[in-house]
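The values are calculated or read from the model by the stated rules, or taken from the named source; none is laboratory data. Every value quoted in this text rests on a predicted model; they were computed, and no experiment measured them. Positions of Cβ are backbone-derived with ideal geometry, glycine not excepted, and every protein chain shown enters the neighbour counts.
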């Protein structure tokens, strides 16, 4: 229990640290932040616009006051309004977040449900035909950037073969079948990197466990090979894999931005990319904070899962 | 006056980290020890007895948290003090693990010559060659790397490295425990020769009682950070006074059926060093324990043969 | 072998880097010169890969794109490496404030998903090469800090670092001579990983239009451009995709090979097994009373990259019920492999090439695997050396004992648990109900070995093979375990094979002894006779090396020969004080009264 409390406390501290870093980022930029945000290329921005933006962002007040207000608003869930259209950032995120979450969840499910069994089989039959083929596929997938895979999927499956739609989005309530069809390719693209990494890690972990003394003990007890693998190899191998899974979610979240862009999936990346281009700072901050918070939450879940898998953690 | 004197030394390790909990672990508790020039003191004990920690305290590689260590009449300097520069040359250490104690990426000649390079301003090959010969290795192999040597040869390299600066004091931390018995005897003989020829003061840490008996003049038996019994090896091995020493001696397997004693089996497990029993730390596993044993920590007092000391309030009754 | 794996990816990466470096001097068209007339041309003289949507030469843009990509990747990895390694080194060596600062900084960066942190910085600073380098060096900084920090911490714990410290070496000397060379490998691996990852992120950001600024050629930008025209000119999309993927693939392969080369733990995997002819066992007369286990002519080969070695050669012995047979020998004598072979637990690289191991009349070495599995943990049980690693850390010890019961008998889970508690009690564990629910790390070493023994005796085995069961334990704990084994043997009448290097343990517990040296049995007989009157010079020397009594222990000169270089004839001859030229002849195991001895001169020496 103490372990759980400790993990949660650490996660809360990290959320605060992330918020502080994001707040400070604007002030660490050399020069006047408002001027920096409005500058494009070499031309110096309109001084009236700068003054207006300074007031909008509250940059004219002492930094500690700004910081206090920033944290206080954050605690209330208020992320400010967009510089471009005055729309509340939090509402925009609430609208988009479920779609991004759906993509992440589908991608993770696909990745884990393919990669884990494949890795176990490959490791137990190390050096065999399946192992070599699967390892090669994993290496190639790992080298294929997510946006390249996405683009090629569209080129082959949508443009040439015309099997799949090239992208887009239909709400589930409107047309469940079409919704899932449109979800498939982006989810596969999101799953790619995770699947490759999980496969490689899990394969290495299973191989490592297979050579452990306790597996020899299990065999010496006369357990069937199936049971040895299930109870004494896979279970132990999952411990290092959960850690990697947590850290890999960062890459996955980043990859989702690219995938949404490639497949026109209207998740968080649409307002994010638009905001980066128009330098709509409150919107970028809101989305970065949301996704980082999500990342921390996933890692917290992984830490807790880790403690369940490994009795040495929670009890010592 | 002994070369190395430990007075009432104590070492506790505090738990590390922001969220660390729990009590500090007391590895060594109020230990007195002396090693004179030309003398070998054996320190025996099982895992968790604090014997290795004691060795590092005497070398100043660890800081004492209580008591003091004197070397050649003066207290060991504070860590980081410039006085260490000269003092380090006068002390040496030999490790247990023949594989981990040599840097796999540097030639053995360079490693043996480290002491010379640091303290004598340079390591001439002739001097290193002499060290190789001293420990029974071929000087032509100076340029080779550790993995080209066997376990016994690596221990010889470790000894040569420790001897490079002509130290007065050598701590040998289980130097033969990882070696096969046929190799063990060679290394023990080398250490015995060196001690005799160079007049080294030696602290020999081991869990192997017969080896200590052969190599050392005196022996200190440690249990859970404290010395249970101390004295000349012949006295202690012939007439052990402390119940723990007796159990330890009786548990050592003997080749000769005539020498076998009835085994004294210790019940239970050793207590945790972070939560040692009150009074005598051995009482929880001692068949002679009484209520009084839980009250005060028994002092190490003179009893038995000449120079023999024991920390047991019931020593008279038991013997 | 591992270096060979570096060649192909190394050559590929070198080729790509060389192309990028040479881009300005290669006879390529200007990568930014537009020629709208030849827009999306598939092929033109001087443009073998065609032209893009602005009529720019694609081949030229791909090669110049490599230059942009790699420049950004190497620059950011180098900055991250320099800063990160320095921070990690200071943090690991000086601990305290430096540690807090460096490790926490790394942790904070790791709280952000990489691309999002990059987008935040791009918003602030605007897109461009300088922004990219800054972002990427921040992203890869934690990797270097962590690797260096962890390596320095582990190096600090190494005896060889403490040895230099004990010699009084000043800190800069320790860091530069001892610590840095030992962490250089992992840092190099980290550097290659960072370069490969930076190429990916750079192309991703450029693809989003937020990285390299047009018209500078970049693979990400080219893919972005080609996406718009992929219906008319699909190949234009494929070229940059291919260039990018091949580059990353080569870099990843190089990283893997580097990592394997640096990390020597990840040694070579088992080479492919060859079908090995099994020599059919001859018929041997059985002695009376019939032994429980009779091993005849057991030979094991291990395939290594340098050819097959033979760690066990023509080993024979017999154990009767209720008896303890000890196999004694030094490291590398083949005693543990002998036991593992009898149990059928050899690793895949090792193969039994000859011999029989008859257990109650059946040859264990010739049984189908399924039948052998039924015997293992049933009629034949085994106890291993290190009770910590031999128990599964994630299961409760009671469950692990119960599992042994249920593997062989059809009992309910509850009954098996109950029986497990009984077994724990039987092997002398106090408070067995509570201990059954403990995990291995919560028990002491002696108690874990008792759990192993409980597991072994769960199905009333008729033969127990104990492989160095007390080597990892303290001497007072060892005494308890040996007593327990003796008591169980008396009570159950099982036969025990005890593998050990301790002659004292043999003397105190065994009835018969097999002395092994360099894969062969050199002497065999009852313990009382062999120890009182050793016939083989090796047995003699071994006994003389044991420090006991007042005699000075005598070492044996030299070392055990390596298995790929056994001496011809007697394998002990090079270290034997009685060796004569006759010893270079092959030796056979001769009958010497009740005993067997492998020494051509045993009669002269007796």
- Selection from segment B:51-92 of residues away from chain C (no Cβ under 14 Å), in contact (Cβ under 8 Å) with a residue 40 or more places away in the chain and in contact with a strand residue (DSSP E or B) (Cβ under 7 Å, 6 or more places away or on another chain) yields B:54, B:64, B:65, B:66, B:67, B:68, B:69, B:70
- Task: Please tell me if residue A:259 is buried (at least 18 other Cβ atoms within 10 Å of the Cβ), more than 8 Å from every other protein chain (Cβ to nearest Cβ), within 18 Å of the chain's Cα centre (by Cα) and farther than 23 Å from residue C:443 by Cα.
- Result: yes
- Task: Could you pull out the residue among B:211, B:221 that is within 17 Å of the chain's Cα centre (by Cα), within 10 Å of chain C (Cβ to nearest Cβ) and under 16 Å from residue B:51 (Cβ atoms)?
- Result: B:211
- Message: So residue C:348 ticks every box in (1) in a loop (DSSP other than H, G, I, E, B); (2) under 28 Å from residue C:450 (Cβ atoms) but one. Which box is left unticked?
- Response: (2)
- Those residues of segment C:138-185 which are away from chain B (no Cβ under 11 Å), more than 30 Å from the chain's Cα centre (by Cα) and buried (at least 23 other Cβ atoms within 10 Å of the Cβ), in sequence order: C:139
- Task: Check whether at least one residue in segment B:251-262 is assigned to a helix (DSSP H, G or I), facing chain C (nearest Cβ under 10 Å), crowded, with 19+ Cβ neighbours inside 10 Å and without any contact (Cβ under 8 Å) to a residue 60 or more places away in the chain, and report yes or no.
- Result: yes
- Please verify whether segment A:238-249 includes one or more residues that are assigned to a helix (DSSP H, G or I) and within 7 Å of chain C (Cβ to nearest Cβ). no
- Which ranges mark the helices (runs of 4 or more DSSP H) fully within segment C:364-413 that have 3 or more residues being under 19 Å from residue C:425 (Cβ atoms)? C:397-408
- Message: Out of everything in segment C:192-219 that is without any contact (Cβ under 8 Å) to a residue 24 or more places away in the chain and within 11 Å of another protein chain (Cβ to nearest Cβ), what residue ends up being farthest from residue C:247 (Cα to Cα)?
- Response: C:208
- Note on the structure: Of those in segment C:187-218 that are in a helix (DSSP H, G or I) and over 40 Å from the mean Cα position of the chain (by Cα), the residue nearest to residue C:241 (Cα to Cα) is C:207
- Query: Regarding residue A:167, is this residue within 14 Å of chain C (Cβ to nearest Cβ) and either part of a loop (DSSP other than H, G, I, E, B) or touching a strand residue (DSSP E or B) at 6+ places or on another chain (Cβ under 7 Å) (or both)?
  - Reply: yes
- Message: I'd like the residue in segment B:38-50 that is more than 14 Å from chain C (Cβ to nearest Cβ) and surrounded by fewer than 20 Cβ atoms within 10 Å (Cβ to Cβ) and, out of all such residues, is farthest from residue C:474 (Cα to Cα).
- Response: B:38
- Item | Tally, over segment C:570-605, of residues that are more than 13 Å from residue C:538 (Cβ to Cβ), touching a residue at least 60 places away in the same chain (Cβ under 8 Å) and part of a helix (DSSP H, G or I) | 0
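Let's see how each residue does on (1) under 30 Å from residue A:312 (Cβ atoms); (2) in contact with a helix residue (DSSP H, G or I) (Cβ under 6 Å, 6 or more places away or on another chain):
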| residue | (1), (2) |
| --- | --- |
| A:5 | yes, no |
| A:16 | yes, no |
| A:26 | no, yes |
| A:35 | no, yes |
| A:61 | no, no |
| A:91 | no, no |
| A:94 | no, no |
- Query: Out of segment B:195-207, which residues are more than 8 Å from chain C (Cβ to nearest Cβ) and surrounded by fewer than 23 Cβ atoms within 10 Å (Cβ to Cβ)?
  - Reply: B:195, B:196, B:197, B:198, B:199
- Note on the structure: Per the filter on segment C:523-533, residues within 13 Å of chain B (Cβ to nearest Cβ) and buried (at least 24 other Cβ atoms within 10 Å of the Cβ) are C:530
- Note on the structure: Flagged in segment A:206-237 as under 18 Å from residue C:451 (Cβ atoms) and assigned to a helix (DSSP H, G or I), in numbering order, are A:213, A:214, A:215, A:216, A:217, A:218, A:219, A:220, A:231, A:232, A:236
- Note on the structure: Picking from C:344, C:377, C:332, the residue that is surrounded by fewer than 22 Cβ atoms within 10 Å (Cβ to Cβ), closer than 24 Å to residue C:290 by Cα and in contact (Cβ under 8 Å) with a residue 24 or more places away in the chain would be C:344
- Only one of C:498, C:463 that is more than 10 Å from chain B (Cβ to nearest Cβ), under 22 Å from residue C:295 (Cβ atoms), crowded, with 24+ Cβ neighbours inside 10 Å and touching a residue at least 40 places away in the same chain (Cβ under 8 Å): C:498
- Message: If I ask for residues that are surrounded by 24 or more Cβ atoms within 10 Å (Cβ to Cβ) and farther than 22 Å from residue C:439 by Cβ, which ones from segment A:195-219 would you list?
- Response: A:195, A:198, A:199, A:202, A:203
- Query: Considering only segment C:89-117, how many residues are in contact (Cβ under 8 Å) with a residue 60 or more places away in the chain and either out of contact with any helix residue (DSSP H, G or I) (no Cβ under 7 Å at 6 or more places or on another chain) or more than 8 Å from chain A (Cβ to nearest Cβ) (or both)?
  - Reply: 4
- Note on the structure: Checked B:162, B:178, B:192 against criteria (within 12 Å of chain C (Cβ to nearest Cβ), over 30 Å from residue B:249 (Cα atoms) and modelled with pLDDT under 95); the one match is B:162
- Just to be sure, is residue B:98 touching a helix residue (DSSP H, G or I) at 6+ places or on another chain (Cβ under 6 Å) and in a loop (DSSP other than H, G, I, E, B)? yes
